[in-house]
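The values are calculated or read from the model by the stated rules, or taken from the named source; none is laboratory data. Values in this document were obtained by computation on a predicted structure and should not be read as measured data. All Cβ positions, glycine included, derive from the backbone under ideal geometry; neighbour counts span all protein chains shown. What goes into the accessible areas is simple: the full protein's heavy atoms, side chains included, and nothing from ligands, DNA or RNA. Shrake-Rupley method; radii C 1.70, N 1.55, O 1.52, S 1.80 Å.
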Amino acid sequence: MIRVKTLQQTPNKFTVSAPSNIAFVKYWGKYGRQLPINPSVSMTLKNCVTMCEISYTTSDNLSGFELERYEFMGEENPKFYERFNNYLVSILDVLPGLSKFKISISSTNTFPHSAGIASSASAFSALAYGVACLASDFEKDSKEFLDQCSELARLGSGSAARSILGPYMQWGEDPFIENSTNNCARIVQEVHPEFLELKDTILLVDKKEKSVSSSAGHSLMHGHPFKENRIVQARENTRNILQAIKAGDWNLFGEILENEALTLHALMMSSYPSFILLKPNSLEIIERVKAFRVRTNISLYFTIDAGPNIHLIYKNEDAGVIEKFVKDDLAQLCHEGSYIIDEIGIGAGVVDGK
Ligand code: PMV
């Protein structure tokens, strides 16, 4: 409640920026209210962000929450209005203070929508952080506040839970990981100095909308013949990649990273119905990345989200040679030669208006 009073003294408009994230250990399969069947680990990005401007009015007399207007990239968007309105109404039990607000949202992305980059992660984390600034009972940026933001973001899109903070986030309960919970993602505390300056170059193999929504994909894990083994594997990979990030073990890190990417796609290919999201050029890029690694002995590894695009993960100190390789050898395999160079980031925050 203290928070509401503070904001009433400021202009009734502010902007939140929140990034996308790339999973190293993949969340695939959910139950209940967007809870993950297995733990995951991700790196928060820096340049692929959603900027969400929230205008609001508040009064104790307001009968209930209202989303007055939703604009995406400067235009009203009825499809997104419905999705975000349903979401905001659905979180009123978690954030009851929001029912005193009428808000309008104007949202923009710094990266192409549906380019296979997790736009729902940045969109929901920006919105969750924004409405928490308006209506949370917790002090802004306290541990409780950030947990609540992550929980709220999770309710919009599971992976969005991991975009609130950075540089690395872990989400999902595991008995061997201290402080882990299905409810929200938390910062990975122990990071080797060599893991503080990672880059992620996203090779846009195909920019079309995904042929399977992640919700449909998650539900295919129920009854999947490999479900139980997948949960065991994801737990092991989570523990081991956290160990690799802590110890600065690039070989272990890369092995798990690529194993997770290929496992995600193997799970899609072996579900009923099956999905093949990789394209011939995705496979060609993977081959070339592996050959580059053998040839140069440079730690360059790939990961893949639920789509055909390939994320290249590497150290900043190797950026020169790797980005030349991307430009000379890999860009020709991308849609119109397009790729995005991103790097490790720290999460969501208010950028303007207070
Ligand atoms: O957040 P969702 O429901 O769109 O699921 C995303 C799942 C993956 O991106 C494929 C993996 C992950 O952990 O981000």
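Among the listed residues Phe65, Phe138, Phe80, identify the single one that is over 17 Å from the mean Cα position of the chain (by Cα), over 30 Å from Gln233 (Cα atoms) and surrounded by 19 or more Cβ atoms within 10 Å (Cβ to Cβ). Lay out the reasoning, then the answer.
On the way: Phe138 fails: surrounded by 19 or more Cβ atoms within 10 Å (Cβ to Cβ); Phe80 fails: surrounded by 19 or more Cβ atoms within 10 Å (Cβ to Cβ).
Answer to the check: Phe65.
Give me the residue from segment 24-42 that is open to solvent by less than 10 Å² (accessible area, probe 1.4 Å) and out of contact with any Gly (no Cβ under 8 Å at 6 or more places or on another chain) and, out of that set, nearest to Asp93 (Cα to Cα). Even if it seems obvious, please write down each step before you answer.
Quick first cut of segment 24-42, residues open to solvent by less than 10 Å² (accessible area, probe 1.4 Å) only: 24-26, 29, 36, 38-42.
Right, trim to out of contact with any Gly (no Cβ under 8 Å at 6 or more places or on another chain) and you get 24-26, 29, 41-42.
On the way: Phe24: 32, Val25: 30, Lys26: 29, Gly29: 24, Val41: 28, Ser42: 28 Å.
Among residues in segment 24-42 that are open to solvent by less than 10 Å² (accessible area, probe 1.4 Å) and out of contact with any Gly (no Cβ under 8 Å at 6 or more places or on another chain), the one nearest to Asp93 (Cα to Cα) is Gly29.
Restricting the first member to segment 154-169 and to residues that are under 18 Å from Ala306 (Cα atoms) and part of a loop (DSSP other than H, G, I, E, B), and the second to residues that are near the ligand (Cβ under 9 Å from one of its atoms) and not hydroxyl-bearing (Ser, Thr, Tyr), the beta-carbon pairs closer than 9 Å and six or more apart or on different chains are Ser157/Gln34; Ser157/Ala118; Ser157/Ala121; Ser157/Phe124. Counting the residues of segment 182-230 that are open to solvent by less than 30 Å² (accessible area, probe 1.4 Å), in contact with a strand residue (DSSP E or B) (Cβ under 9 Å, 6 or more places away or on another chain) and not charged (D, E, K, R) gives 13.
For segment 246-272, filtered to residues that are of a type in the set (A, V, I, L, M) and over 13 Å from Ile313 (Cα atoms), the residue that is most open to solvent (accessible area, probe 1.4 Å) is Met269. Among the numbered conditions (1) within 24 Å of the chain's Cα centre (by Cα); (2) within 27 Å of Tyr27 (Cβ to Cβ); (3) charged (D, E, K, R), the only one that Lys290 does not meet is (1). So, in segment 63-91, exactly how many residues are over 20 Å from Ser120 (Cα atoms) and of a type outside the set (Phe, Trp, Tyr)? Number satisfying all stated conditions: 4. The condition (being in contact with a Pro (Cβ under 8 Å, 6 or more places away or on another chain), open to solvent by less than 30 Å² (accessible area, probe 1.4 Å) and over 19 Å from Asp352 (Cα atoms)) is satisfied by just one residue among Gly156, Gly172, Gly97: Gly172.
Any residue in segment 175-189 that is assigned to a helix (DSSP H, G or I), modelled with pLDDT of 95 or more and in contact with a Pro (Cβ under 9 Å, 6 or more places away or on another chain)?
To start, the set of residues in segment 175-189 that are assigned to a helix (DSSP H, G or I) comprises none.
No, because not a single residue in segment 175-189 is assigned to a helix (DSSP H, G or I), modelled with pLDDT of 95 or more and in contact with a Pro (Cβ under 9 Å, 6 or more places away or on another chain).
When Cys149 is tested against the conditions (1) within 15 Å of the ligand (Cβ to nearest atom); (2) touching a residue at least 60 places away in the same chain (Cβ under 8 Å); (3) open to solvent by less than 20 Å² (accessible area, probe 1.4 Å), the lone failure is (1).
Within segment 69-89, the residues that satisfy the criterion of being in contact with a Ser or Thr (Cβ under 6 Å, 6 or more places away or on another chain) and closer than 13 Å to Ser104 by Cα are Arg69, Glu71, Phe72.
Among the residues of segment 231-248 satisfying the criterion of being touching a strand residue (DSSP E or B) at 6+ places or on another chain (Cβ under 7 Å) and among the β-branched types (Val, Ile, Thr), which is farthest from the ligand (Cβ to nearest atom)? Outline the logic, then answer.
Residues of segment 231-248 that are touching a strand residue (DSSP E or B) at 6+ places or on another chain (Cβ under 7 Å), as a first pass: 234, 237-238, 241-242, 245.
Add one more test, that the residue is among the β-branched types (Val, Ile, Thr), and what stays is 238, 241, 245.
On the way: Thr238: 11, Ile241: 13, Ile245: 16 Å.
If we take residues in segment 231-248 being touching a strand residue (DSSP E or B) at 6+ places or on another chain (Cβ under 7 Å) and among the β-branched types (Val, Ile, Thr), then Ile245 is farthest from the ligand (Cβ to nearest atom).
When segment 120-135 is limited to residues that are among the small types (Gly, Ala, Ser) and open to solvent by less than 10 Å² (accessible area, probe 1.4 Å), the one that is farthest from Cys184 (Cα to Cα) turns out to be Ala135.
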